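In what follows, a single structure is set out as structure tokens and then discussed.
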Amino acid sequence: MGRSVCIQKTTMAPLILYDLDASPPCCLVRIVADEIGVDLEKVPVVDIEKEMGTPERLQINPQRTVPALVDNGLNIAESRAIVTYLVSKYARDDSLYPRDLQKRVLVDQRLYFDQDFYNGILKVIDPSFSGKPLSQSDVDKVNNGLEILNRILEGKQWLAGEKITVADYATVVSLATLEYNPKSGINPAKHANIAEWISRVEGSSAKVTENMKIFRETIKKYI
Ligand SMILES: N[C@@H](CCC(=O)N[C@@H](CS)C(=O)NCC(=O)O)C(=O)O
């Protein structure tokens, strides 16, 4: 006698992203999700303080920042943590964030560098929003970061290892963030290695190109 088999269709809960179009860390999450073919249900946020400050959303992200991702009850803040999670869980292969520890740590190293670098970039673009004067020492720190980045890229195609990784996307988005303050005078493209690498990363796929184009257009609308 044959056993009857019950085939149940499992429906996956949608991945929800609290998203702001003008936000660099949100842009990083959009790039990686598109690249690995993960559909995100985007909840657009306009007023971060108000919309992410409700008791319900503070439960999701006590930091009250965007991006914030909800995956089937798992709440994740911090764009770099979100993208490494998405690749580890959903990507077809691990090339954007390798499982091999010796390869992975090189990507992590660049991601931590980028977070620091990005914080410095935020100080340089702040005058565009606050109206405060630009600090020369903040400009110097970003220029120093660019020199480091240029050195890292000497003779290399990508920031970590032999393939493009999430660290390349993160750092390219950080550099595009400088465009929020055209008056800073900082020009990453004056460093040859950086200029070539930006074109390489942004041209690496049609989706990355499109995401960066939309992000730049959004920045222009804000300034
Ligand atoms: N390190 C965080 C930074 C997140 C962040 O500061 N996002 C900004 C928008 S770009 C934000 O939510 N700011 C609101 C606030 O700090 O009050 C990440 O990478 O996700």
In the stretch 136-157, the residues that are within 19 Å of ILE31 (Cβ to Cβ) and buried (at least 19 other Cβ atoms within 10 Å of the Cβ): LEU149
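Do we have ALA33 as within 13 Å of the ligand (Cβ to nearest atom), within 16 Å of the chain's Cα centre (by Cα) and at pLDDT 95 or above here?
In short, no.
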From the options ILE125, ILE121, ILE148, residue that is away from the ligand (no atom under 15 Å from the Cβ), in a helix (DSSP H, G or I) and either assigned by TED's automatic domain parsing to the domain that holds ILE36 or not charged (D, E, K, R) (or both): ILE148
Pick from the stretch 14-44, criterion among the charged types (D, E, K, R) and without any contact (Cβ under 8 Å) to a residue 40 or more places away in the chain, ranking: nearest to ALA176 (Cα to Cα): LYS42
Residue within the stretch 192-206 that is open to solvent by 10 Å² or more (accessible area, probe 1.4 Å) and β-branched (Val, Ile, Thr) present: yes
LYS132 being open to solvent by 30 Å² or more (accessible area, probe 1.4 Å), among the charged types (D, E, K, R) and either more than 18 Å from ASP114 (Cβ to Cβ) or not in a helix (DSSP H, G or I) (or both): yes
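Rundown of residues vs (1) touching a Ser or Thr at 6+ places or on another chain (Cβ under 8 Å); (2) within 16 Å of the ligand (Cβ to nearest atom); (3) among the β-branched types (Val, Ile, Thr), yes/no style:
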| residue | (1), (2), (3) |
| --- | --- |
| LEU111 | yes, yes, no |
| PHE129 | no, yes, no |
| LYS132 | no, no, no |
| GLN136 | no, no, no |
| VAL139 | yes, no, yes |
| ILE152 | no, no, yes |
| GLN157 | no, no, no |
Test result for VAL45, at pLDDT 95 or above, within 17 Å of TYR169 (Cβ to Cβ) and crowded, with 19+ Cβ neighbours inside 10 Å: no
Filter result for ALA81 (modelled with pLDDT of 95 or more and within 16 Å of the ligand (Cβ to nearest atom)): yes
Qualifying residue in the stretch 90-100 (condition: under 13 Å from the mean Cα position of the chain (by Cα) and open to solvent by 40 Å² or more (accessible area, probe 1.4 Å)): no
Residue match in the stretch 86-103 (condition: polar (S, T, N, Q) and within 16 Å of the ligand (Cβ to nearest atom)): no
Enumeration of residues in the stretch 58-73 that are open to solvent by less than 20 Å² (accessible area, probe 1.4 Å) and either within 13 Å of the ligand (Cβ to nearest atom) or outside the structural domain of VAL38 (by TED's automatic domain parsing) (or both): ASN61, VAL66, PRO67, ALA68, LEU69
So ARG110, is it assigned by TED's automatic domain parsing to the domain that holds LYS213 and in contact with a helix residue (DSSP H, G or I) (Cβ under 9 Å, 6 or more places away or on another chain): yes
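The values are calculated or read from the model by the stated rules, or taken from the named source; none is laboratory data. Keep in mind it's a predicted model, so treat the numbers as computed, not measured. Note: ideal-geometry Cβ built from the backbone for every residue, glycine included; neighbour counts use all protein chains shown. When the accessible area is computed, the model is the full protein with side chains, heavy atoms only, and any ligands, DNA or RNA have been set aside. Shrake-Rupley method; radii C 1.70, N 1.55, O 1.52, S 1.80 Å.
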